[in-house]
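These notes are about the structure you will find just below.
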Amino acid sequence: MSESSEAVARSVAERFERLYGAAPDGVWAAPGRVNLIGEHTDYNDGFVMPFALPHTAVAAVARRDDGVLRLHSADVDDPVAELAVDALAPGSDRRWTAYPAGVVWALREAGHAVTGADVHLASTVPAGAGLSSSAALEVVVALALNDLFGLGLRGWQLARLCQRAENVYVGAPVGIMDQTASACCEEGHALFLDTRDLSQRQIPFDLAAEGMRLLVVDTRVEHSHSGGEYGKRRAGCEKGAALLGVDALRDVPYAELEAALARLGDEEEVRRLVRHVITEDERVERVVAFLQAGDARAIGPVLAEGHASLRDDFRVSCPELDLVVDTALGAGALGARMTGGGFGGSAVVLAEEADVPVITKAVEEAFAAAGFRAPRTFEAVPSAGARRLR
């Protein structure tokens, strides 16, 4: 464990002991993620390519056997919440506690004898930035309970249960990507994930070695997956699959895209959604091919294509995201696109190392000129997935 990780683990453990009067049984971490390419494809059984960030949710946890779940977060100005595990039910909680409580509910519903816990959480994943802060909370709690109760579940299984917690308990219709990225990513790699069968390939992704950087620009426009617009897009994709007679849009080959669109007739909104998903799956496969061929610079135009599709066909961008992308490309970036579910959040910018200061300054000046809140920019470094710290 690095010195910084040890310091974080010690700090969270010490706060736990002050809160609950005893030391935790352990400390765990789970990261947020950036999605390099493959947006709104995960709930269409398609392909995605996220990687883990160094930003993490950290949990100090102790097992309980009396049916009590106690939750506290260093990031929320609330006292310790005390819940009865037998009383956990979908829709019963609209606070931040729904995410960790939902994990306990999902584990118990799946037949795992989780009898309670004391939990203290602290996170450095920016909330509302499209970087999967909620998935990090879910996965870190799931991993801790998996260890403490000896459940023997693997990373992808924990991800499935966390997705169910968010879908059913929280009420957000998210796909499987965020939780799988948090649970399964490896340092120095991007995760090529088939969301239908959950098969994974770790693709080496070391831009620094090639003189490049990937920036995350947080527009500070908060988004919410539980909002109605996200659900509308998902319902529209499901309608498109039904009209085309397939189980999911993943089943429409890219080579047959035009024929499929013609079959949708005057269903213009559905046509746009279908076109995005099918072309986005093809973009993921192109990015994988470029990276495996050692040609990371070639992914830049593919990222820009993806943004245009999300903006024009899926219509989940916003003025701030478009400004980041247009300004970065105009200032010499190799590629840029919004990342995450949209309606705010963050964009990623691929750039030569030498161009980073110029691009960063250009984006900041463009936001100031537009009267937007100043963005937050940081380098995205492919990092380790969920793990025990101590």
When the C-alpha atoms of region 298-380 are aligned to their principal axes, what extent does each axis show, in angstrom, from largest down?
33, 32, 21
What is the percent carbon and sulfur in the accessible area of region 139-261, measuring with a 1.4 Å probe over the protein chains and ignoring ligands?
47 percent
Amide H neighbours of residue 190 at under 5 Å, excluding residues fewer than 5 places away on the same chain, with H built from the backbone geometry, are 203, 205
Using helices alone, what [θ] at 222 nm do you get for the chain, with -39,500 (n - 2.57) per DSSP H run of 4 or more residues, divided over all residues and rounded to the nearest 500?
-12500 deg cm²/dmol
State, as an integer percentage, the relative contact order of the chain based on alpha-carbon contacts under 8 Å between residues 6 or more apart.
23 percent
Residues of region 214-314: accessible area per residue with a 1.4 Å probe, Å²:
44 Å²
Given the peptides 18-29, 57-68, arrange them by the average over their residues of other C-beta atoms within 10 Å, most packed first.
57-68, 18-29
Could you run the Karplus curve 6.51 cos²θ - 1.76 cosθ + 1.60 with θ = phi - 60° over region 266-272 and give me ³J(HN,Hα) per residue in whole Hz, x for Gly and Pro?
8, 7, 4, 5, 5, 4, 5
Across region 339-346, in residue order, what do the Karplus-derived ³J(HN,Hα) couplings come to in whole Hz, using 6.51 cos²θ - 1.76 cosθ + 1.60 with θ = phi - 60° and x for Gly and Pro?
10, x, x, x, 6, x, x, 10
Within 14 Å, Cβ to Cβ, of residue 357, how many net charges do the neighbouring residues add up to if Lys/Arg are +1 and Asp/Glu are -1?
-4
Can you give me the Rg/Rh ratio for region 306-347, using Cα atoms for both radii and the Kirkwood formula for Rh?
0.94
Vicinal HN-Hα couplings computed from phi for region 229-240 (Karplus, 6.51 cos²θ - 1.76 cosθ + 1.60; Hz; Gly/Pro x)
5, 4, x, 5, 5, 5, 5, x, 5, 5, 5, x
Peptides ranked, highest mean first, by Cβ atoms within 10 Å: ranges 350-362, 79-91
350-362, 79-91
Can you compute the charge dipole magnitude of region 174-267 about its Cα centre, using +1 on each Lys and Arg Cβ and -1 on each Asp and Glu Cβ, nothing else charged? Give it in debye, rounded to the nearest 20.
200 debye
Relative to the Cα centre, what is the charge dipole magnitude of region 238-372, using +1 at the beta carbon of each Lys and Arg, -1 at the beta carbon of each Asp and Glu, and rounding to the nearest 20 debye?
60 debye
Order 307-319, 290-302, 325-337, 136-148 from most to least packed using the mean count of other Cβ atoms within 10 Å.
136-148, 325-337, 307-319, 290-302
Roughly how large, in nm² to one decimal, is the mean projection of the convex hull of the alpha-carbon atoms in region 1-46?
5.6 nm²
Return P(r) of region 249-358 (all Cα-Cα pairs; 10 Å bins starting at 0; whole %; ordered from short to long distances).
14, 39, 33, 12, 2
Among bridges DSSP assigns within the chain, what percent are antiparallel (round to 5)?
90 percent
What is the projected area of the convex hull of the Cα atoms of the chain, averaged over all directions, in nm²?
19.1 nm²
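The values are calculated or read from the model by the stated rules, or taken from the named source; none is laboratory data. Since we're looking at a predicted model, the values are computed, not measured. Note that we place each Cβ from the backbone using ideal geometry, even for glycine, and neighbour counts take in every protein chain shown. Side chains included, ligands, DNA and RNA excluded: accessible areas come from the protein's heavy atoms. Shrake-Rupley method; radii C 1.70, N 1.55, O 1.52, S 1.80 Å.
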